[in-house]
Amino acid sequence: MISVERAEELARAGLQWEPRRGDHFVLPHRDMDEQVFVLSDMTIEVHQFPAGEVLGFNGTVEWALDSVERQEALWIPREDQLRELLGDAFAALRRTADGYVCDLADGSATTSTTPDDAYALGVLHVLGRHRAVAPAIR
């Protein structure tokens, strides 16, 4: 799993989140950064209201949470989601003695100690390259 800091970088770079069942997220800067929540059909659901989307916490009285606006939540994309976000920009993932290299179709590469972080750095690279064209990889 990527760090909260890396997820914040992705959000600042323009990565858009369309919440789906199974997505991981945190509520940053509430002394809960280490608590990762997962959207599910029973525990945490996305509710549509005229004022916007709300993440509803069902049966979580121990956290004293009822609901939070989606904008308060920070998406932590999984490895498979990061690879999907790269789409055609992704060429290969290679393991090296120092970690992992995510090769991109434009000939560039990103390196990290974990595959998911190497993918996240690749997404950041692509977002930076396409910032003038689109706000997010789709």
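Among the GluC sites (Glu not before Pro) within the range 1-47, those in coil by DSSP and having at most 13 neighbouring Cβ atoms inside 10 Å are GLU34.
Given a Förster radius of 22 Å and the C-beta distance between GLU45 and ARG12 as r, what FRET efficiency does 1/(1 + (r/R0)^6) yield to the nearest 0.05? Please report the intermediate quantities before stating the final value.
On the way: r = 27 Å, r/R0 = 1.22.
Calculated transfer efficiency: 0.25.
What's the local net charge at ALA73, with K and R +1, D and E -1, over the other residues with C-beta under 10 Å away? That works out to -3.
As a calculated quantity, the FRET efficiency between LEU93 and VAL4 at R0 = 30 Å, using C-beta atoms, amounts to about 0.85. If the chain linking ASP103 and GLU34 were pulled fully straight, counting 0.36 nm for each residue of separation and taking away their Cα-Cα distance, it would gain 21.8 nm.
Computed from the coordinates by the stated procedures, all read-outs in this text should not be read as laboratory data. The structure displayed is predicted, hence computed values, not measured ones. Methodologically, a virtual Cβ is constructed for each residue, glycine included, from the backbone with ideal geometry; neighbour enumeration extends over all protein chains shown.
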